[in-house]
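What follows is a set of notes on a single structure, which appears directly below.
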Amino acid sequence: MAQSALAFAAMGAFAKGAGARLPVSELVLARGLVSLALSFVALRRAGVDPVGRRPPRLFARGVIGALGLAALFFALARLPLAEATVIQYLHPVFTALLAALLLRERTGGGLALSIGLGAAGVLAVARPAALFGGAASALDPLGLAAAVAGAFLSACAYVAVRHLSATEHPVVIVSYFAWVAVASSLPFALRSFVWPQGVEWGLLAGIGVAAQAGQVSMTHGLRIMPAARATALSYLQVVFAAVLGVLFFGERPGPWTVIGALAILSGTLVALRDGRRAARSAASAAEASPPAGA
């Protein structure tokens, strides 16, 4: 999940750079095309059936993912990289709720604390006027709305991946998302197509490669860990995004953004400690249990 966070932060940086001139539909199309090509190679190497065992559910996951990606790219085009990434990270809150409702996953006290810290961090960055008054943020409202919508759709996609990973190969799940993204974005991209220039070609390729790496890493992580805890670990993407924003876009996060990022990082550390404690407890319980038939 940490590897996935780094890859997705890089994808956000590439998308922000390309989105300065290119339309969102073109970014989604480029991301889907690169991912589709890489998925084709991975499917051949793995020797698995690309159709999968549950095509309708795989298709639905692809639609959710494509919509979430479009919302995220729209937010990145209108907000600073660190702020867009932080606000989009409401998704662990949504994921925990959806996982509890749909997957019947239990949430411990440590996980609840990590989600609370993460949500507090998001509020510190967004700074809604109702809570902060004159210190409210001047962030673009449409960008904020898109980031929140992307967060909810990401949570839906995470829960779907967690559900599908019990029966589907990770590359099959990723490939469905790729071709759905291509099919859904192509008509819009053709309507408002802008020919990429110079470094923009590299940025578009970077979006696809980084996203593919993040998607596969995330799918493997969700295959091993409960959905709520795994997505809490992905808070690390916020830290990576802030660093990339400083290095490549000259964005200097304000004090509230720093406070929010620290809260989110604290939540990540709590989730890690809670996960290790749960693993040790499970191992101790397994050792203490008598063998079957005893």
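The values are calculated or read from the model by the stated rules, or taken from the named source; none is laboratory data. Everything numeric here is computed off the predicted structure, so don't read it as measured data. Glycine also receives a Cβ, built like all others from the backbone with ideal geometry; neighbour counts cover every protein chain displayed.
Inside segment 214-257, can you point out the residues that are β-branched (Val, Ile, Thr), surrounded by 21 or more Cβ atoms within 10 Å (Cβ to Cβ) and more than 25 Å from LEU103 (Cα to Cα)?
VAL238, THR257 - these are the residues of segment 214-257 that are β-branched (Val, Ile, Thr), surrounded by 21 or more Cβ atoms within 10 Å (Cβ to Cβ) and more than 25 Å from LEU103 (Cα to Cα).
Take the conditions small (Gly, Ala, Ser), surrounded by fewer than 24 Cβ atoms within 10 Å (Cβ to Cβ) and assigned to a helix (DSSP H, G or I) and apply them to SER184. Does it pass?
It is true that SER184 is small (Gly, Ala, Ser), surrounded by fewer than 24 Cβ atoms within 10 Å (Cβ to Cβ) and assigned to a helix (DSSP H, G or I).
Test SER25 against the stated conditions and say whether it is modelled with pLDDT of 90 or more and either hydroxyl-bearing (Ser, Thr, Tyr) or in contact with a His (Cβ under 6 Å, 6 or more places away or on another chain) (or both).
Yes, satisfied.
Here's the yes/no breakdown for (1) at pLDDT below 85; (2) acidic (Asp, Glu):
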| position | (1), (2) |
| --- | --- |
| PHE188 | no, no |
| PRO196 | no, no |
| GLU200 | no, yes |
| MET225 | yes, no |
| THR231 | yes, no |
| SER289 | yes, no |
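Quick one: is GLY275 outside any loop (DSSP other than H, G, I, E, B) and at pLDDT below 80?
So GLY275 passes the test.
On the basis of being at pLDDT 85 or above, within 19 Å of ALA75 (Cβ to Cβ), buried (at least 21 other Cβ atoms within 10 Å of the Cβ) and of a type in the set (A, V, I, L, M), does ILE264 make the cut?
Judged against the criteria, ILE264 is not a match.
Go over the candidates ALA205, ALA146 one by one and state the one that is surrounded by fewer than 19 Cβ atoms within 10 Å (Cβ to Cβ) and either over 28 Å from PRO23 (Cα atoms) or touching a residue at least 12 places away in the same chain (Cβ under 8 Å) (or both).
Only one candidate qualifies: ALA205.
For the list (1) closer than 25 Å to ARG191 by Cα; (2) at pLDDT below 90; (3) assigned to a helix (DSSP H, G or I); (4) over 15 Å from the mean Cα position of the chain (by Cα), I need the number of the one condition that ARG31 fails.
Evaluating ARG31 over (1) closer than 25 Å to ARG191 by Cα; (2) at pLDDT below 90; (3) assigned to a helix (DSSP H, G or I); (4) over 15 Å from the mean Cα position of the chain (by Cα) leaves (4) as the failure.
Based on this model, can you work out whether PHE193 counts as at negative phi and in a helix (DSSP H, G or I)?
Here the answer is no, as PHE193 does not meet what is asked.
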